[in-house]
1. Cα axis of helix 278-289 to longest principal axis of the chain: angle in degrees, 0 to 90, nearest 10?
2. With r as the distance between the Cβ atoms of ARG98 and ALA269 and R0 = 41 Å, compute the FRET efficiency 1/(1 + (r/R0)^6) and round to 0.05.
3. Given 0.36 nm per residue, what is the gain on full extension from ASP189 to ARG10 after removing their alpha carbon distance, in nm?
4. Based on the Cβ-Cβ distance of ASP294 and ASP259, what FRET efficiency does E = 1/(1 + (r/R0)^6) give at R0 = 22 Å, to the nearest 0.05?
5. About the Cα centre of the range 1-101, how large is the charge dipole given +1 on each Lys and Arg Cβ and -1 on each Asp and Glu Cβ? Please answer in debye to the nearest 20.
6. Report, as a whole number in µm² per second, the diffusion coefficient that Stokes-Einstein gives for the range 194-328 at 25 °C and 0.890 mPa s using the Kirkwood radius over alpha carbon pairs.
7. Taking a ≥ b ≥ c as the square roots of the eigenvalues of the Cα gyration tensor of the range 227-278, is the shape rounded (a/c under 1.5), prolate (a/b larger than b/c) or oblate?
8. So which lysines pass the test for LYS149, namely a Cα distance under 16 Å, with those fewer than 8 places away in the same chain ruled out?
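The values are calculated or read from the model by the stated rules, or taken from the named source; none is laboratory data. All values reported here derive from a predicted model rather than from experimental measurement. Positions of Cβ are generated from backbone atoms using ideal geometry, with glycine treated the same way; all protein chains shown enter the neighbour counts. Protein only, heavy atoms only, side chains kept; ligands, DNA and RNA dropped before computing areas. Shrake-Rupley method; radii C 1.70, N 1.55, O 1.52, S 1.80 Å.
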Amino acid sequence: MPQFPNTRLRRLRAYDWSRRLVRETRLTPDDLIWTVVVSDSADPTEPVASMPGVERLSVKAAAKAAREARDLGIPAIAIFPHIDPAHKDEAGTEALNRDGLVARAVRAMKDAAPEVGLICDVALDPFTTHGHDGVLKDGRILNDETVEKLIAQAIVQAEAGCDVIAPSDMMDGRIGAIRASLDSAGQQDTMIMSYAAKYASAFYGPYRDAIGSAKALTGDKKTYQMDPGNSDEALREVAMDIEEGADMVMVKPGLPYLDIVARVKAEFAMPTYVFQVSGEYAMIQAAAAQGWIDGERVMMESLAAFKRAGADGILTYFAPRAARALHG
Ligand code: PBG
């Protein structure tokens with residue numbers, strides 16, 4: 001008689017009911033943060049060529065999207081602006097406009113669906129002619145001068161009604177500086193989600209297309225975003241942001257950095273988010289369009305993988321489609 005195993009892991013996999021019963025993590029609409037690009041274009045929606053299925057939304061269309069998020073049970077929307085090139089300058093002055101696109105979108109979306117959380121990106125790149133996240137001088141991005149601007153930008157956003165300030169610029173010390181300034185501006189209850197471990201990644205390509213900074217960008221962002229080879233450094237970044245007052249932390253990009261998500265969650269036990277960025281979205285959509293993968297299944301599997309790695313939520317362009325799939 002050959003020796004057969006007395007433990008058979010396949011036993012539990014035999015039925016749909018037993019697979020459901022032993023499943024360790026599951027995705028729900030509560031895990032989704034919908035990443036939305038807003039624009040001042042006269043058209044209600046404009047397709048983004050490198051992100052099939054994603055459209056830039058007018059302020060009015062964004063308000064409609066907020067109601068859609070509410071109806072789908074999506075807790076929050078992250079807003080990214082496509083700024084008219086005529087409003088860009090070297091210094092990114094438009095970022096501080098109290099009546100700029102982001103402030104108007106926030107007001108319209110809050111008005112339309114007050115129960116949906118709004119998250120605003122803090123960084124100068126949508127507003128600068130050079131496409132960098134900070135103040136550029138003699139070919140260098142100045143840290144402290146940039147932080148001064150980010151503080152002002154964050155206050156404009158909070159005063160417009162944004163619930164969560166999300167600095168994505170990777171300057172040193174910005175979380176503490178923004179926290180202190182929000183507090184002294186009477187915005188103690190405004191939350192901060194820091195893009196704590198954000199890598200200098202080629203996966204952001206289609207996003208730069210979506211917000212119109214691709215052509216503008218001179219050089220790369222390696223002097224402020226993290227080197228993809230580093231992992232311990234991500235923990236140092238996250239530790240500093242927590243120390244400085246971040247309520248939630250984020251890892252970005254997503255799938256290629258699941259090891260970082262897992263380490264961050266295990267080390268700090270903080271509310272931890274992950275950004276499934278534009279290039280990840282574009283790759284899935286492109287392969288699906290060719291018929292090379294089952295796009296719907298790959299979307300759901302990729303989102304489930306973030307949960308398994310330890311993420312508490314996922315910023316994703318797939319949010320409404322995934323929520324619809326989850327509702328069956
Ligand atoms: C910039 C910012 C970027 C993204 C969000 N905020 C790109 C960058 O750092 O160049 C990327 C989002 C995506 O790729 O989906 N502050």
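1. Here the helix axis deviates by roughly 50 degrees.
2. The formula returns an efficiency of 0.65 here.
3. Residue separation times 0.36 nm, minus the Cα-Cα distance, leaves 59.5 nm.
4. On the way: r = 26 Å, r/R0 = 1.17.
Between ASP294 and ASP259 the formula returns 0.30.
5. Dipole size: approximately 1280 debye.
6. Translational D for this selection: 156 µm²/s.
7. Prolate, since a/c reaches 1.5 and a/b exceeds b/c.
8. Hits, sequence-local ones excluded: LYS88, LYS137.
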